[in-house]
Amino acid sequence: MSSLPEDPFRAVQQDAEEYQSTVHALIAFSAYVVHTGSEFRPDAHFGFGRRMSTSEGNAVLPSDEVTPDLVAQKDSSYGIVAEVKRSASRHESDCSKHLAQLRKYDDDLAGWWTDTEQIPLRNAAIIIHQSRSRRLVEELRSTAASDPEGVGENSLVIEFNLSNEVDPYIFFRVEWGEVRDPELRPRLHAGVPVPRDKVLASFPSIKFYDAEPPLAWLMTLLWTDYFAANWDTESYDTDLKAYPIIVSVESLTAELQKAYGSAALERDERSAEFPQQKWIRRALDAFVSIHYAVPLGETGEYQVLFRPIAGDVLERFAELLRPKPVDPAPLNQLDLDFED
């Protein structure tokens, strides 16, 4: 039975949507932990990719450093570290990888915003989309039955989903484990809707976290948010057939960190920096590969050949980045070396 060919652009869209929904889930869950609904809690903090130190007794990575997607501190007595997974593979090995990560975080980590950098009550969580949470919980139950030490006592699996109602919200609910904070526990176990638009309006305009975004999505963000705001309508170059903009990897990274990344959040010596310079360089090199930019020597500067793009910008870049099929050579041009 034949199947319809897969739309290659749909895969690009899905990658972009998953990255954005992961960022939204991180912000929404952070808001639930650090905010009462009307104001920020005293001694509350959160960060993405924060560097935390493991203990000597860590079951996976003793006396080392980990960087969870989210570290959220409700107050000086309770905090949670979490990884957000928009989806998880159906393959058992990948589930096992997620469980090993969870076990690594279920530890007396140091790095909290307290005088001792430690906290008395804590949880470690995998926050995963509802469509994949059941599979992960089944793996967790199986692991707990066969190896009780393989699952930490403070571990959680929290499912999330985005509603499609007029006022969209992100729904969170505990599917495994027990929340150690008595105030957050009842609603998280029953399920809590966090209003997405209100959270995004109240919190910094974050569009990145400490994982590299899909290339076509990053290029689209640069084109529509940064380059489109910095082109000079009087600078049209008839030879280039574009409006040239000179940018550098260093300055462009700093601008994006300030507007959409780590510099918009609370910072200290344990904070991660994102987006990273290497992500921005890859995007600019990709513009070069499709003839939308020119590198200016080895200085990290590029001349972007900006021009307004009609239609779907993500689709345009996805199409331009897609490898072109190689036509087979005609039979009479093939070098066929038959043995006698």
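The values are calculated or read from the model by the stated rules, or taken from the named source; none is laboratory data. Since the model is a prediction, treat every value here as computed from it, not as a measurement. We place every Cβ from the backbone using ideal geometry, glycine too, and count neighbours over all the protein chains shown.
Results, tabulated for the structure shown:
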| item | result |
| --- | --- |
| Within segment 243-260, tally of residues that are surrounded by fewer than 20 Cβ atoms within 10 Å (Cβ to Cβ) and aliphatic (A, V, I, L, M) | 4 |
| Residue in segment 27-37 that is in contact with a Phe, Trp or Tyr (Cβ under 7 Å, 6 or more places away or on another chain) and not in a helix (DSSP H, G or I) present | no |
| Search result, residues across segment 115-132 that are surrounded by 14 or more Cβ atoms within 10 Å (Cβ to Cβ), without any contact (Cβ under 8 Å) to a residue 60 or more places away in the chain and β-branched (Val, Ile, Thr) | 119, 126, 128 |
| Tally, over segment 285-323, of residues that are in contact (Cβ under 8 Å) with a residue 60 or more places away in the chain and aliphatic (A, V, I, L, M) | 8 |
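Condition check ((1) hydroxyl-bearing (Ser, Thr, Tyr); (2) surrounded by fewer than 19 Cβ atoms within 10 Å (Cβ to Cβ); (3) not assigned by TED's automatic domain parsing to the domain that holds residue 125) across all residues:
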position: 18; (1), (2), (3): no, yes, no
position: 21; (1), (2), (3): yes, no, no
position: 24; (1), (2), (3): no, no, no
position: 37; (1), (2), (3): no, yes, no
position: 68; (1), (2), (3): no, no, no
position: 80; (1), (2), (3): no, no, no
position: 84; (1), (2), (3): no, no, no
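Results for (1) touching a residue at least 60 places away in the same chain (Cβ under 8 Å); (2) touching a helix residue (DSSP H, G or I) at 6+ places or on another chain (Cβ under 7 Å), shown as yes or no for each residue.
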{"position": "19", "(1), (2)": "yes, yes"}
{"position": "23", "(1), (2)": "yes, no"}
{"position": "26", "(1), (2)": "yes, no"}
{"position": "32", "(1), (2)": "yes, no"}
{"position": "52", "(1), (2)": "yes, no"}
{"position": "56", "(1), (2)": "no, no"}
{"position": "60", "(1), (2)": "no, yes"}
{"position": "72", "(1), (2)": "no, yes"}
{"position": "75", "(1), (2)": "no, no"}
